[in-house]
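Student: Before we start, here is the structure in question, set down as structure tokens.
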Amino acid sequence: LPQLRPLSPPQEEEIPELEIDVDELLDMESDDTRAARVKELLVDCYKPTEAFISGLLDKIRGMQKLSTPQKK
């Protein structure tokens, strides 16, 4: 029988770089479309992504408030 080896953590050079285009996310209509897009980008990510995605969406909501002229 083959010996089972414990899974080793990915080596540094194996970690893929990830770029998230915040402008693209800002242009999207809703948080649902944004979340779906980010999930798509993180599909190869080993770690749980829910907390990251919700944090990112919060930041994007904050950025939208800054970039949208406030109505008085």
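Every read-out reported here was derived from the displayed coordinates using simple, explicitly stated rules and does not represent laboratory data. Treat the numbers as computed from the prediction; the structure is a model and nothing was measured. Neighbour counts are summed over all protein chains in view; Cβ atoms, including those assigned to glycine, are modelled from backbone coordinates with ideal geometry.
Student: Determine the sum of side-chain charges near L42: Lys and Arg each +1, Asp and Glu each -1, restricted to other residues whose C-beta is under 14 angstrom from that of L42. Provide the component values of the computation, followed by the final result.
Tutor: Details: positive: R34, R37, K39, K47; negative: E17, E19, D21, E40, D44, E50.
It works out to a net charge of -2.
Student: Another one. Give the dimensionless ratio obtained when the Cα radius of gyration of the range 20-66 is divided by 2.2 N^0.38 Å. If you can, show how the numbers build up before the last one.
Tutor: Details: Rg = 10.3 Å, N = 47, 2.2 N^0.38 = 9.5 Å.
Rg over 2.2 N^0.38 Å, computed on Cα atoms: 1.09.
Student: Using mean Cβ contacts within 10 Å as the protection proxy, how do 44-54, 26-36 order, highest first? Before the final figure, lay out the partial values.
Tutor: Values: 44-54: 11.3, 26-36: 12.8.
Order by mean packing, descending: 26-36, 44-54.
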